[in-house]
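J.: Have a look at this one before I ask anything.
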């Protein structure tokens, strides 16, 4: 059974001083990874990652997750390799197919059906693997030799078939999770599902039974790779309370009317209770699903921090 790792999403950057202090506070709690998203209206992922690594001594940095249709493979390879070099090999790369249609519309990027976006994700993984493995560009060979310039390549050689940094693939659909089973070092079984018949980006929180089924699906497709996989859990809410059921019943009325109180208490994507109860919930979820890499949204970073010490 894997040891726990803990991450938090950087949801906003208010100032340099605030960002640095927040990252150092997170490292003091024992967080292992600072993660950047890839959404319009939030901080640019690679700048954020390099700054977080620079602000801390040991914390790794990553993306949860990049919207692959936003990126050109060559330009993304350059960003990843540069960040991995500047952070001393502390980068983890999460890739996803994209799910917020309004962001594509605002950016002037064509919104395609889910299957086409997943095909794009698969192509990106293969292209990044190829670009990381190649010895630079032949067109630059003479200039680099004349001036003693090094090729740009990732420092880490563990993911992407041994050519780049660790790869996380997250999602809930069959095709995405099949890609994760085949290529990922870290599998993120996302806790939100597109609501049928609703506009893209309208989500429902997953249940414990859905998480069981999705984990089982990946395990069946991973074959001989299954024991090497690390499993990521993104917790959507963290609520400290002495009365778990009262909170669950209130959440069922105000936020999650499609779930019963019992389903809210059992889903792995919520943490509700005292700090010790949360620690016990995570031990049980590691045993049940394999979730050992636990991530919380940045707004819950301080709330969840004291739980980490109980799990080391």
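J.: If you take the residues of the stretch 25-38 that are assigned to a loop (DSSP other than H, G, I, E, B) and touching a helix residue (DSSP H, G or I) at 6+ places or on another chain (Cβ under 6 Å), which of them is farthest from residue 302 (Cα to Cα)? Spell out the reasoning first.
T.: So the first thing to find is which residues in the stretch 25-38 are assigned to a loop (DSSP other than H, G, I, E, B), and the list is 30-32, 37-38.
So of that shortlist, the ones also touching a helix residue (DSSP H, G or I) at 6+ places or on another chain (Cβ under 6 Å) come out as 30, 38.
Values: 30: 11, 38: 22 Å.
Only one residue tops the list, namely 38.
J.: Related question: Just the residues that are surrounded by fewer than 19 Cβ atoms within 10 Å (Cβ to Cβ), at pLDDT 95 or above and part of a loop (DSSP other than H, G, I, E, B), please, taken from the stretch 162-189.
T.: Correct list: 162, 163, 166.
J.: Also, I was wondering about something else. If residue 106 satisfies every condition in (1) touching a residue at least 12 places away in the same chain (Cβ under 8 Å); (2) closer than 23 Å to residue 84 by Cβ; (3) over 22 Å from the mean Cα position of the chain (by Cα) but one, which is the exception?
T.: Status for residue 106: all satisfied but (2).
J.: Report whether or not residue 214 is in contact with a helix residue (DSSP H, G or I) (Cβ under 6 Å, 6 or more places away or on another chain), in contact (Cβ under 8 Å) with a residue 24 or more places away in the chain and part of a helix (DSSP H, G or I).
T.: Working: in contact with a helix residue (DSSP H, G or I) (Cβ under 6 Å, 6 or more places away or on another chain): no; in contact (Cβ under 8 Å) with a residue 24 or more places away in the chain: yes; part of a helix (DSSP H, G or I): yes.
The answer is no for residue 214.
J.: What about residue 140, is it surrounded by 14 or more Cβ atoms within 10 Å (Cβ to Cβ) and within 21 Å of residue 75 (Cβ to Cβ)?
T.: Values: surrounded by 14 or more Cβ atoms within 10 Å (Cβ to Cβ): no; within 21 Å of residue 75 (Cβ to Cβ): yes.
No, not satisfied.
J.: Please enumerate the residues belonging to the stretch 95-125 that are in contact with a helix residue (DSSP H, G or I) (Cβ under 8 Å, 6 or more places away or on another chain), assigned to a loop (DSSP other than H, G, I, E, B) and on the phi < 0 side of the Ramachandran plot.
T.: Within the stretch 95-125, 97, 109, 110, 111, 112 meet the criteria.
J.: Report every pair of residues separated by at least 6 positions or lying on different chains whose Cβ atoms are under 9 Å apart, first residue within the stretch 82-97 and touching a residue at least 12 places away in the same chain (Cβ under 8 Å), second surrounded by fewer than 17 Cβ atoms within 10 Å (Cβ to Cβ) and in a strand (DSSP E or B).
T.: none
J.: Could we say that residue 262 is over 30 Å from residue 25 (Cβ atoms) and modelled with pLDDT of 95 or more here?
T.: yes
J.: Would you confirm whether or not the stretch 86-94 contains a residue that is outside any helix (DSSP H, G or I), on the phi > 0 side of the Ramachandran plot and surrounded by fewer than 17 Cβ atoms within 10 Å (Cβ to Cβ)? Steps first, please.
T.: The initial filter retains those residues of the stretch 86-94 that are outside any helix (DSSP H, G or I), namely 87-94.
In the following step, the residues that additionally are on the phi > 0 side of the Ramachandran plot were identified as 88-89.
Now restrict to residues that are surrounded by fewer than 17 Cβ atoms within 10 Å (Cβ to Cβ): 88-89.
Yes, the stretch 86-94 contains a residue that is outside any helix (DSSP H, G or I), on the phi > 0 side of the Ramachandran plot and surrounded by fewer than 17 Cβ atoms within 10 Å (Cβ to Cβ).
The values are calculated or read from the model by the stated rules, or taken from the named source; none is laboratory data. Here the structure is a predicted model, which means the values were calculated and not measured. All Cβ positions, glycine included, derive from the backbone under ideal geometry; neighbour counts span all protein chains shown.
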